[in-house]
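Okay, so here's the structure we're looking at.
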Amino acid sequence: MKYIITILLFVTQLGFSQNKFAHDVYFDTDKYFVPLTEENRLLLFISTLDTIPIEKVSIYGFTDDRGTNEYNLELSQNRANTIKDMFAGYGIDPNLITNVNGKGEILLKVLNEEEIQQIRGLNRKVEVVVTRKLPTKANEEKNKVVKETTKEKTTDDIKKGTIKKGDKIRLDKIYFKTSYSYVTSGSKKTLESLAKIMVENKNIYFTIQGHVCCTQNSRDAVDKKTSKRNLSVARAKYIYDYLAKKGVAKKRMKYLGFRRKFPLGGAPEFDRRVEILITYVGKEN
């Protein structure tokens, strides 16, 4: 029987068609919080969705055959709601979650008495069905590279005094290690140069904007160091903390994560980037 259960658990994680992907989350008796092992399995499933354009997510809660109909319906709905909250917490757009339904109990189907507890355990679950968005000509147009209207400049414009509010500086030679918020060793020299320029030009106020690559639906990516889906923010904060440590006043800086809203359309390493938006240029002392 253990072998059969293992196979069932494995099958629930497989896509049952080219356009749909399924996953089951299992619960303890009368509970609707997710056990740690099931949370880890769910996180692994969600991570596989990063490169999949999602049309919708459907979530269905179930219970075993014990308890009244009213109790089972409430418990199954609570289980479904828990998974919905976890999906949103892990970066899935809540607008994509179209169905969150508690279906109540699953009737017990047993071949022999020894299987009752195992089968009931498999019935205490939430089924997640993710539908892939089919490519269309309209979607392809939407997914083209977003051309931002702000004019990009370089740190040389700061030195020359030609920088102004609304200008954007892309730090071309600052690259991040894949799935982490810290920069590669080859980026340190560019960071040092940036810090020196910003310390010398105290009249410049700016926002540090973090970006990520390789996700779908404008999602953020997971920072492997913290396991949080906030990598674009973490990258911007890394630059913020570095500049503050080097003497740039914190009141002159802000940092924001832009997830994958503005891909450049080139190699992935170019989307793992940070940009600086000039928000205010005061008079030089």
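Throughout, read-outs are computed from the coordinates displayed, never taken from laboratory work. Owing to the predicted nature of the structure, the values given are computational and were not obtained by experimental measurement.
Anything over 28 Å Cα to Cα? Flag those among LYS133/LYS225; LYS20/LYS225; LYS164/LYS245; LYS153/LYS228; LYS165/LYS250; LYS133/LYS168, in the order listed. Over 28 Å Cα-Cα: LYS133/LYS225; LYS20/LYS225; LYS153/LYS228; LYS133/LYS168. Remark on region 77-128: hydrodynamic radius 12.8 angstrom, per the Kirkwood mean of 1/r across alpha carbon pairs. Each pair of Cα atoms in region 146-281 enters the Kirkwood radius, and Stokes-Einstein at 20 °C and 1.002 mPa s then converts it into a translational diffusion coefficient of 144 µm²/s.
Within the same chain, lysines fewer than 8 places from LYS109 are excluded, and of the rest, those with a Cα less than 24 Å from its Cα are LYS2, LYS31, LYS125.
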